[in-house]
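For reference, the structure discussed in these notes is given below.
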Amino acid sequence: MSRILLAGGAGYIGSHTAVELLEAGYEVIIADNYSNSCPEAVKRIEEITGKSVKAYELDIKDTEKLENVFKENKIDAVIHFAGLKAVGESVAKPVLYYRNNIDTTLSLLECMEKYGVNNIIFSSSATVYGEENPVPYTEEMNRGTCTNPYGWTKVMMEQILEDAAKANKDLSVVLLRYFNPIGAHVSGKIGEDPQGIPNNLMPYVAQVAVGRREQLTIFGKDYDTPDGTCRRDYIHVTDLAIGHVKAIDYVLEHKGVEIFNLGTGTPYSVTEIVETFEKVNDIKINHVYGARRPGDLPESYANADKALKVLGWKTERTLADMCRDTWNWQKNNPNGYNK
Ligand code: NAD
Ligand code: UD1
């Protein structure tokens, strides 16, 4: 069975993908510097699946150390999750973001070339559609103008991977553009564990529910949307993880570059998220309406037809499942992995 290297595999999406790959029979190796995760996540992956995972603590930018992983293991494909992802922080520390996100990509590509590994899946984002493109987004649209350095790193990394595939006809690249992943594994053993004050909506809601934050501020209620709050394409992280298993099957069988949106195709508003969370979990979320957050688009959602047609993948979990599983993770792990 094929052996998959998950760069940044101890993180939120990587850990859920590791579980689904192991359950589909793939062998998984994780390389992570734990800058935004911890070894406990790897233990939990093993607990859920009953399978063992080889984990390396290293910085992917450190090409020499990364090379050891390729020397010691015959790797069939790489999934590149290792990136910094906080939009606000990327505005304050652009050089850190460009250095980390781009160097990790270059380092992986160099090792892959040296050790004859030709398959890579990259964690891209709906953010690359930028401000110009109309919703729903389709994969053949041009990449747009991003509002922050984080987004630009994704645009640049997509370009780097496309150029690498142009030069090396044996290379197989899949760019997965995630929409808004939320939720947690149904076991409640792994989930999203942001450091400090959460930037994203669902972890903030969950921390209000568990009493770690006073109240949620909903950013803006005067958008041109049905209820005036922004609409997003929220996707259950397990559906997203299963999308990676399908993409691995694909990347191993093809050459060249293919792009897939991973979303549900259905947008929900911020108010709908809060209401659904309250209803499904029978818990009140204190909230107030505040000013718009700079850089937010009124709407972002996928046309998800291509992933269905080409990969045979579509989402199966509902918004209620996403809210229930988020709460199950948060209430069982009120302080995340640091119990
Ligand atoms: P995460 O922070 O939980 O996971 C990223 C992992 O990479 C962490 O475990 C971190 O420690 C590791 N890492 C970062 N830099 C590293 C380095 N130099 N060397 C080794 N390890 C390193 O984030 P996530 O939500 O799981 O996101 C995974 C990927 O998907 C990221 O590239 C992110 O930009 C992208 N993405 C995430 C979202 C989202 O909403 N979560 C949306 C679109 C795209
Ligand atoms: C953000 C990033 C995006 C990144 C994604 C995952 C921006 C502009 N976009 O997407 O590039 O890929 O996170 O990391 O930051 N909201 C509130 N109150 C809160 C938090 C959020 O009302 O406390 C609202 C936001 O205004 C937005 C929605 O909830 O309308 C979702 O926000 P968030 O979870 O941060 O995701 P995005 O902004 O879609």
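The values are calculated or read from the model by the stated rules, or taken from the named source; none is laboratory data. Quick caveat: nothing in here was measured; it's all calculated off a predicted structure. Here the Cβ is made from the backbone with ideal geometry for all residues, glycine too, and neighbour counts use every protein chain on show. Keep in mind that these areas ignore ligands, DNA and RNA; they rest on the heavy atoms of the full protein, side chains included. Shrake-Rupley method; radii C 1.70, N 1.55, O 1.52, S 1.80 Å.
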| request: Those residues that are more than 22 Å from GLN195 (Cβ to Cβ) and open to solvent by less than 60 Å² (accessible area, probe 1.4 Å), I need them from segment 63-88; list them, please. | output: THR63, LEU66, GLU67, VAL69, PHE70, ASN73, ILE75, ASP76, ALA77, VAL78, ILE79
| message | Taking the condition of being within 9 Å of ligand 2 (Cβ to nearest atom), open to solvent by 20 Å² or more (accessible area, probe 1.4 Å) and either assigned to a helix (DSSP H, G or I) or of a type in the set (S, T, N, Q) (or both), how many residues in segment 209-249 meet it? | response | 1
| Residue count for segment 77-102, restricted to those that are closer than 16 Å to LEU175 by Cβ, within 12 Å of the chain's Cα centre (by Cα) and hydrophobic (A, V, I, L, M, F, W, C) | 3
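Look through segment 154-173, keep the residues that are under 14 Å from VAL117 (Cβ atoms) and crowded, with 16+ Cβ neighbours inside 10 Å, and return whichever of them is nearest to ligand 2 (Cβ to nearest atom).
Filtering segment 154-173 for residues under 14 Å from VAL117 (Cβ atoms) gives 161, 164-165, 168, 170-173.
Checking the rest, the ones that are also crowded, with 16+ Cβ neighbours inside 10 Å come to 161, 164-165, 171-173.
Values: LEU161: 18, ALA164: 23, ALA165: 23, LEU171: 25, SER172: 25, VAL173: 20 Å.
Ranking the candidates gives LEU161 first.
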| Exclusive hit being within 16 Å of ligand 2 (Cβ to nearest atom), open to solvent by 40 Å² or more (accessible area, probe 1.4 Å), over 18 Å from the mean Cα position of the chain (by Cα) and within 21 Å of THR238 (Cβ to Cβ), set GLU272, GLU299 | GLU272
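Taking the conditions exactly as written (within 20 Å of the chain's Cα centre (by Cα), more than 20 Å from LYS246 (Cα to Cα), within 15 Å of ligand 1 (Cβ to nearest atom) and buried (at least 16 other Cβ atoms within 10 Å of the Cβ)), does GLY196 satisfy them or not? Please lay out each step first, then the result.
Details: within 20 Å of the chain's Cα centre (by Cα): yes; more than 20 Å from LYS246 (Cα to Cα): yes; within 15 Å of ligand 1 (Cβ to nearest atom): yes; buried (at least 16 other Cβ atoms within 10 Å of the Cβ): no.
Judged against the criteria, GLY196 is not a match.
With surrounded by 22 or more Cβ atoms within 10 Å (Cβ to Cβ), more than 10 Å from ligand 2 (Cβ to nearest atom), touching a residue at least 24 places away in the same chain (Cβ under 8 Å) and not β-branched (Val, Ile, Thr) as the only criterion, which of TYR129, TYR115, TYR150 stands out? Break it down stepwise before answering.
Numbers: TYR115 fails: surrounded by 22 or more Cβ atoms within 10 Å (Cβ to Cβ); TYR150 fails: more than 10 Å from ligand 2 (Cβ to nearest atom).
Sole residue among the options that is surrounded by 22 or more Cβ atoms within 10 Å (Cβ to Cβ), more than 10 Å from ligand 2 (Cβ to nearest atom), touching a residue at least 24 places away in the same chain (Cβ under 8 Å) and not β-branched (Val, Ile, Thr): TYR129.
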